[in-house]
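One structure is given below, encoded as C-alpha cells.
No lab work stands behind these numbers, since they all come straight from the coordinates. Remember, predicted model here, so these are calculated numbers, not experimental data. Neighbour counts are summed over all protein chains in view; Cβ atoms, including those assigned to glycine, are modelled from backbone coordinates with ideal geometry.
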There are 2 protein chains.
Amino acid sequence: MKQSQLFTKTKKESPADEVSLNAELLIKAGFINKEMAGVYSYLPLGLLVVKKIENIIREEMDAIGGQEVTLTALQEKSTWEPTDQWSDDKVDVWFKTKLKNDTELGLAVTHEAAITKMMTSFIQSYRDLPKYVYQFQTKFRNEARAKSGIMRCREFVMKDLYSFCKDEEEHNLFYEKSKEAYKNIFKRAGIGHLTYITFASGGMFSKFSHEFQTITSTGEDTIYVDSDKGIAINKEVYNDEVLTSLGIKKEGLVENKAVEVGNIFTLGTRFSDALGLKYKTETGEEKPVFMGSYGIGPGRLMGTVVEVLSDDKGIIWPESIAPFKVHLLMLGGDENVVKGAEELYNKLTQKGIEVLFDDRTDMSAGEKFADADLIGIPHRVVVSKRSLADGGFEVKKRTETSGKVMSFEELIGLLETKN
Amino acid sequence: MKQSQLFTKTKKESPADEVSLNAELLIKAGFINKEMAGVYSYLPLGLLVVKKIENIIREEMDAIGGQEVTLTALQEKSTWEPTDQWSDDKVDVWFKTKLKNDTELGLAVTHEAAITKMMTSFIQSYRDLPKYVYQFQTKFRNEARAKSGIMRCREFVMKDLYSFCKDEEEHNLFYEKSKEAYKNIFKRAGIGHLTYITFASGGMFSKFSHEFQTITSTGEDTIYVDSDKGIAINKEVYNDEVLTSLGIKKEGLVENKAVEVGNIFTLGTRFSDALGLKYKTETGEEKPVFMGSYGIGPGRLMGTVVEVLSDDKGIIWPESIAPFKVHLLMLGGDENVVKGAEELYNKLTQKGIEVLFDDRTDMSAGEKFADADLIGIPHRVVVSKRSLADGGFEVKKRTETSGKVMSFEELIGLLETKN
C-alpha cells in the first residue's frame, strides 16, 4: 500500500487522556482511534494486525476441531436467568437496553448460557458428542473504569470456544489439547517466551482454571513463575495446598507482574444442568453435557505485544502479526530514486510480499525514519541517492541499530527466509 | 468437512414462528439460529456463506480505493447531537443504554456522524482528499416489528463505505464508480439478472439516492422497471417530473415487487458542516468536505439469494457464495463404497475443492438426498454400489433433475471449469 493513500497519519504528540503505553503508541502510530474511554475503533493498520492475530487463533482452533459460528450481542433475560447471571447484583458489567415494547435486553458479556441454550437443538445423543464451537464476537462490558487502552475495553472482540463432551474424561482430553493450541497461538504471535500457563481461580465458573499470563511490569496480576517447569501460579490461589497439589517448591518460584492474555475453564455441568443440555448415553440413560470454555481477546493480545515489545521510538511488531512485512522508504525526489523505489515496490508486491511504501513527497527523511520506528514494521528498506550509489537498498530490521546495503536479490533472499 | 462432525442438523419441520421464506429455509437447513425476533446467530454453514459474500464486497470496495476499518457500536450523545440524530423523535430505532455513571450511550444505527467526527483528525488539506473508508460492522436497530427473517434485523452486519471528496465533481466520479462496483457485487453473488439500479428518495440524508432492488414477489418495495435501460424507479418518487428528468417514458415501465439489497447516497456537506470536517484548498480557503455513503448488508443479500433462488425442496446457492462447492454423499455401508467415498473426499480436498462429505452412517439415502436439496450446494456427487458398478460417481447439479455417472477425471474437469 502507498502511504500517500493511507488516510491515517502519525501524531507527534501523545494523547493527553491515555495512561497506558499500548493506547499511547497505537493512537500515535494510527492503528486505533479512541471513541470514548474503553471504546476504540480499529484503523487500517490496526485492522491488518488484528486480522492476522485472528487468523492465527482460527487456524489453531480449527486444528483441534473447532467449528466457527457468530452468536449475537442482544440477549434475552430468559437465557441468563436459569444460571442466575441476569441480575446486575450477580454480573455487574451488563449493559442493559430495551425493545420498543419495553422488553429488557442485555448486551452479551460472554456467551456460555446463550450457546448452551442453542446447543439443546443440536445435541441429543452420545453420537452428537464431543463438539467444539467457537466465534470471534463483540462483547460489551460496562466496566466502571477503563484506563488500560485496548487491554480492558467496554466493547471488544473475543474468541470464545465452548466444548461439549460426554464426561469429564473426554473433556480432559480436549482441555489438554486446548492448552497446546493456546501455547502455539502465543508462540506464533511473538510472545511465547514471556507467556506462562498459570494455575488460577475459577472465578464464577469453577474452582480452578488456567490462565495464560504474559510477564510485563505494567501487568495487573501477580504470578509466581517456575521457569524450569514453564508454569506459574496466580497470587490469588498461591498457598501451600495448591503448591503441594502441583508438586512445586516455593524456593524455585519468582514473583512477576503479568497480564492475562487467555484463559481456559472447566465449566462442568453448571450450564447444561441449568439450561437442560442433556444427551442419551449408549444405554439410554440421560446425562448432562460436560462443558468447558476457552477465551482469548485478539485486541488484548495486540495490546500486550505493544506493551512488551516496544522501545522508546515505537512499536516492534513480530513478523507474524505485523501490518506489513516491509516498510519501503523513498528519500528525496531525485528521478532515479523515485523510479528505483516504484520499481522495487512493484517487484516486491508482485512476489506477494506485503509492503507499506512511504512515497510521500512532503516529508523529510527524518520524519520518515521516525514514522517507520513508530509504526514498527519488521523490515525497513530505504531507497535514496546514497543507497543507489552504494549499489542498492539500505535494509535494516526494526530491532537493528544500523542497516546494510543490499542488491535486489539479497533483499529477496532475506525476506523469503522463514524467520 | 465431514457432515458427521458438523454440529448442526437439518430440521424436518418448519419453524412455527417464522413467516419469511428465507428464515424458514435457513433455519431448517441449519445456516442460522433464531435468538429472538430479528436477531439471528450464524451457524457454520451460514458463516461460510456470509464470509464469501463479505469477500466479494471487500474485493470490490478495495478495487475502487476503499480502506477498511472497524468503528464501534457504543456511541456518545455528543457525536450525534450536532446532526440532530440523537433524539428518539428524530431517529426512532436507537437502542440506548448507560455507563455506570449514568452517561447515556447509543448503539450505532449507522456511522455517518461517527466517521465524520473521526476524519477531522486525518483530513486537513486538499492533499488529504479524496479518501474512501469502509467497514463490516454490527448495527443495532430497534425495529418495532421484525418478521422478515435475516432481511430486516435488530442486529446485523452492514458494509458501509463513506467517501470524502473536495467537491461535488470529485464526488460524482466516485459515485459512478461505486455504481459499477455494486453491480459487480450483485452479479458475482448470483442475483445480477434480477437486480436493478433504482432511482429513489434520499431519506434523511439527501433529496434523491440510488437503491439496488432485486425483483421478488415477497419484496416490500414497489419499483417500475425499464428493462431496456436496465434501470428502475421506486414508487415513492415515481412522478412525471422524475420520469422527465431521467428521460424515461411511462409506457416501457413494468411494475414489480422488489427488495432493496443496497443503496448509495450523496450526503453533500450536511455531516461535514455539522461536525466541522473542513479542508484547506490550494489557495488556503477553508471548505467543508463533500461526502457520500454506500451500504450493503451481507446478511440481507444472503436472505435475498435464498428468497429468489430456492425451490420447493430447498435453497439453490450460486457457486460463488455456496458454503461448499460439492456435496459428496456416501450411500450405504458397503466396504467399496466407504473406501471410494473417502478416497474421493481426500482427492477433492487435496485439490483445494471445498467438499461437504455426508459420511453419516445412520441416515437413509432418501434422508441424504433431502438434506442435499435443502442445503443447496451446487454439485451433488453420489458414491453408491450402483454408481461404482456404472464406473464412477453420479454427479448432479442442484438445478438439474437427474444426474449422470462420471469418472474421477470427468468430475474434476467439470468442477474446475469456471462457471
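Here's how it looks for B:Val261: its modeled amide H is under 5 Å from those of B:Phe212, B:Gln213, B:Thr214, which are all 5 or more places away or on a different chain. Using a simple spin-label model with pseudo-atoms 7 Å out from Cα toward Cβ, B:Ala16 and B:Ile412 lie 5.2 nm apart. Note: relative contact order over the range A:280-419, using C-alpha pairs below 8 Å and six or more positions apart, is 23 percent. Scattering from the protein assembly as shown was approximated by placing one identical point on each alpha carbon and applying the Debye formula without solvent; log10 I(q)/I(0) at 0.05, 0.07, 0.10 1/Å stands at -0.30, -0.60, -1.26. Computed over the alpha carbons of the range A:176-321, Rg followed by Dmax gives 17.9, 66 Å. Each residue of the range B:84-98 was assigned a 3J(HN,Hα) from its phi angle through the Karplus expression (A = 6.51, B = -1.76, C = 1.60, θ = phi - 60°), giving 6, 10, 7, 4, 5, 5, 8, 10, 9, 10, 5, 9, 10, 8, 9 Hz with x at Gly and Pro. Highest average first, the peptides B:95-103, B:43-51 ordered by how many other beta carbon atoms sit within 10 Å of their residues are B:43-51, B:95-103. Starting from the label point of A:Thr218 at 7 Å along Cα→Cβ, the same points in the other copies fall at 5.1 nm, in ascending order. The trypsin sites (Lys or Arg not before Pro) of the range B:371-419 meeting both criteria, a DSSP state outside H, G, I, E and B (loop) and at most 10 other C-beta atoms within 10 angstrom of the site's C-beta, are B:Lys418. What is the Cα centroid distance between the range B:49-69 and the range B:85-134, reported in whole angstrom? Cα centroid of the range B:49-69 versus Cα centroid of the range B:85-134: 22 Å apart. Pairs from the list A:Lys34/B:Lys96; A:Lys166/B:Lys368; A:Lys11/B:Lys52 with a Cα-Cα gap above 30 Å: A:Lys11/B:Lys52. Under a 5 Å amide H cut-off, with hydrogens placed 1.01 Å from N, B:Glu68 pairs with B:Tyr134 among residues at least 5 apart or on other chains. Ordering A:Gly314, A:Ser121, A:Gly190 by Cα displacement along the dipole of chain A toward the positive end leaves A:Gly314 in first place; charges were set at the Cβ atoms of Lys, Arg (+1) and Asp, Glu (-1).
With charges only on Cβ, +1 for K and R and -1 for D and E, what is the dipole size of the range A:361-414 about its Cα centre, in debye, rounded to 20?
Once rounded to the nearest 20, the dipole reads 100 debye.
Debye-formula intensities of chain A, expressed as log10 I(q)/I(0) at q = 0.06 Å⁻¹, are -0.31 (one equal scatterer per alpha-carbon, no solvent). Using the Cα centre of chain A as origin and beta-carbon charges of +1 (Lys, Arg) and -1 (Asp, Glu), tell me which of A:Met330, A:Asn234, A:Ile412 is placed farthest towards the positive end of the dipole. The residue sitting farthest along the positive end of the dipole is A:Met330. Once backbone amide H atoms are built at 1.01 Å from N, B:Thr83 has no partners under 5 Å, excluding neighbours fewer than 5 places away on the same chain. With a threshold of 31 Å on the Cα-Cα distance, the over-threshold entries among B:Lys77/B:Lys131; B:Lys147/B:Lys396; A:Lys177/A:Lys207 are B:Lys147/B:Lys396.
Each of B:Gly295, A:Leu173, B:Ser245 was scored by the projection of its Cα onto the charge dipole of the protein assembly as shown, and the greatest displacement toward the positive side belongs to A:Leu173; charges sit on the C-beta of Lys, Arg, Asp and Glu. A straight Cα-to-Cα reach below 19 Å connects B:Lys313 with the aspartates and glutamates B:Glu13, B:Glu18, B:Glu24, B:Asp358, B:Glu367, B:Asp371, B:Asp373, B:Glu400, residues fewer than 8 places away in its own chain not being considered. Take each residue of peptide A:144-153, count the partner chain Cβ atoms within 10 Å of its Cβ, and average: the result is 1. Normalising the Debye intensity of the range B:84-179 to I(0), with uniform scatterers on Cα atoms only, and taking log10 at q = 0.22, 0.26 Å⁻¹ returns -1.17, -1.32.
Between 0 and 90 degrees, the angle of helix B:44-63 with respect to the longest Cα principal axis of chain B falls at about 50 degrees.
Each Cα pair under 8 Å and six or more residues apart adds its separation to the average, and for the range A:17-176 the resulting relative contact order is 27 percent. You can think of it this way: the chain between B:Glu169 and B:Asp228 has 18.4 nm of extra reach, that is 0.36 nm per residue less the Cα-Cα gap. For the rotational copy pair A/B, the chain A residue whose Cβ lies nearest the symmetry axis, together with its distance in Å, is A:Thr97, 2.
Computed over chain A, the per-residue total of -39500 (n - 2.57) for DSSP H runs of n ≥ 4 gives a 222 nm mean residue ellipticity of -9000 deg cm²/dmol, rounded to 500. Looking at the range A:217-304, which trypsin sites (Lys or Arg not before Pro) are DSSP coil and have at most 15 other C-beta atoms within 10 Å of their C-beta? Listed in order of number, the matching sites are A:Lys229, A:Lys249. Overall size of the range A:133-238 from C-alpha positions, given as principal axis extents largest first: 41, 35, 29 Å.
Taking GluC sites (Glu not before Pro) in DSSP loop conformation with at most 12 other Cβ atoms inside 10 Å as exposed sites, chain B has its longest uninterrupted site-free stretch at B:14-219. Value of Rg to Rh for the range B:9-153, rounded to two decimals, is 1.04; Kirkwood radius and Rg both from alpha-carbon coordinates. Placing a label point 7 Å from Cα along the Cα-to-Cβ axis, B:Gly252 is separated from the same position in the other copies by 8.4 nm, shortest listed first.
Dipole size of chain A about its Cα centre, with +1 on Lys/Arg Cβ and -1 on Asp/Glu Cβ: approximately 680 debye, rounded to the nearest 20. In chain B, Cα pairs under 8 Å separated by at least six residues give a relative contact order of 16 percent. Couplings for the range A:21-28, taken from phi via the Karplus curve 6.51 cos²θ - 1.76 cosθ + 1.60 with θ = phi - 60°, read 5, 5, 5, 4, 5, 5, 6, 4 Hz in order; Gly and Pro are left as x. Computed over the range A:326-416, the Cα gyration tensor eigenvalues convert (square root of 5λ each) into semi-axes of 17, 16, 13 Å, ordered from largest to smallest. For A:Gly268, neighbours were defined as the other residues whose beta-carbon sits under 15 Å from its Cβ, and their charges (Lys and Arg +1, Asp and Glu -1) total -1.
What is the magnitude of the charge dipole of the protein assembly as shown about its Cα centre, with +1 placed on the Cβ of each Lys and Arg, -1 on the Cβ of each Asp and Glu, and no other charges, expressed in debye to the nearest 20?
In total the dipole reaches around 480 debye.
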